[in-house]
1. What lysines could a cross-link reach from Lys281, if we take a straight Cα to Cα line under 22 Å and drop same-chain neighbours fewer than 8 places away?
2. Positive end of the charge dipole of region 250-317 (Lys, Arg +1 and Asp, Glu -1 on Cβ, about the Cα centre): tell me which of Ser303, Gly260, Tyr315 has its Cα farthest that way.
3. Over region 13-85, calculate the relative contact order: mean separation of alpha carbon pairs under 8 Å at least 6 apart, over the residue count, as a percent.
4. Okay, helix-only estimate at 222 nm for the chain: each DSSP H run of n ≥ 4 adds -39500 (n - 2.57), divide by all residues, round to 500 deg cm²/dmol; what do you get?
5. Helix 319-328 against the longest principal axis of the chain: what's the angle in degrees, Cα atoms only, rounded to the nearest 10?
6. So for region 1-50, Kirkwood radius off the Cα pairs, Stokes-Einstein at 20 °C and 1.002 mPa s: how many µm² s⁻¹?
7. Run down the lysines and flag those whose C-alpha is under 17 Å from the C-alpha of Lys246, throwing out any fewer than 8 positions away in its chain.
8. Please identify the longest segment of the chain free of exposed GluC sites (Glu not before Pro), where exposed means a DSSP state other than H, G, I, E or B and no more than 11 other Cβ atoms within 10 Å.
Amino acid sequence: MKFISCASYYGTGSSAVTDLISEYDNVYSFTDEEIRFLHDPDGIDDLYYHIVENPNRHNSGHAIKRYKRLVDFYSGAWWYGKKYSRLFGDNWKKCSYDYINSLIDFLYKGGWFYDLYDRGMPYYFVKRAPQRILSMIPVIKRFAPTHPYKGQITYCTTVEKDDFILKTKKYIESLFDSVIPAEYDSVMVDQLIPSSNIDRYTRYFDDIKVVVVERDPRDVWMCERYVWREGVIPSDSVEDFCKWFKYSRMNRRKEDVDNGVTTLLVHFEDLVFDYYNARKKLESWLGLDSSRHNKEMKLFDPSRSINNTRIWKRYPDEKENIEFIEKNLSEYLYSFPNSNPDYIKCSYEAGELLD
């Protein structure tokens, strides 16, 4: 199976690419949610670091516990959090537990500090306080409890790099094979790969391509400030926003996010203002057959998405902030086709323009 994934920098429009590619009838659209268990904290690659890159008698086993806890949370361990079990069904927990067990060499009864710490300060206090208090009283010090880790389990593992990658590949394949109909030869998954350290994550797949989506910083600023208002990125200070924008893209100095082999950089605005050429570029790179594209464009319609561009033009009071962004983030500004932003080559067929 070929995997296609989008990677973004928050609010840059990865869903537009996801929707467009999902309009091909041989591509299975795997929900519109972000699938991040590979690269989220306590995810698969955290396991790799603690088991393969930095094996440790405490940390390696504890990383397995942390991933198991993540699996349980997304299985609906509480009354919410059924994200992955809702998408993969019972196979989410089954395949994940099989994967976890394949990484464990042996286990024994015993624990350490983080087994208590991870459960929160109240639990840690209840478990440690009796020993700490009684040990300060000389007369009864010898009778103080000395086993706060009783009942804990420690996992031990010695998995090598190639074996870990192979086990992870099989795990991912088993998850997606369990829900994707056989008639599809490709699957579109949003945010399966992050926009940084891309090579580190693509090694877990035999066949994957990643579309990295960028967007004009002026619109990202305006959307967060007036539309989304989610508080994820700076929106009170334009200076902080510019610092964050550069910070979130600093990986570009270290790796090629537009190598044309496993990754391709696409601007959200190109999908709107130069739709025909942008679509052809994606088709060529991904090996998609244009005849299998849904011409009705039920998922991504550039004539609607144009309303999500040049948003900064609607807020004249933001002129000073926009000028600051243009000065400090000039290399990230989108260049409109034909040097004329009013020329909208948002075509269904070559040469056809939208008013």
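1. Lys2, Lys209, Lys295, Lys298, Lys345
2. My answer, from the dipole projection, is Tyr315.
3. In percent, rounded to a whole number, it is 16.
4. Calculated at 222 nm, the ellipticity per residue is -11000 deg cm²/dmol.
5. 70
6. Translational D for this selection: 170 µm²/s.
7. The qualifying lysines are Lys254, Lys327.
8. 1-159
Coordinate-derived values only; no laboratory data. The model shown is predicted, which means the values in this text are computed figures rather than measured ones. Please note: Cβ atoms are built from the backbone with ideal geometry, for glycine as well, and neighbour counts cover all protein chains shown.
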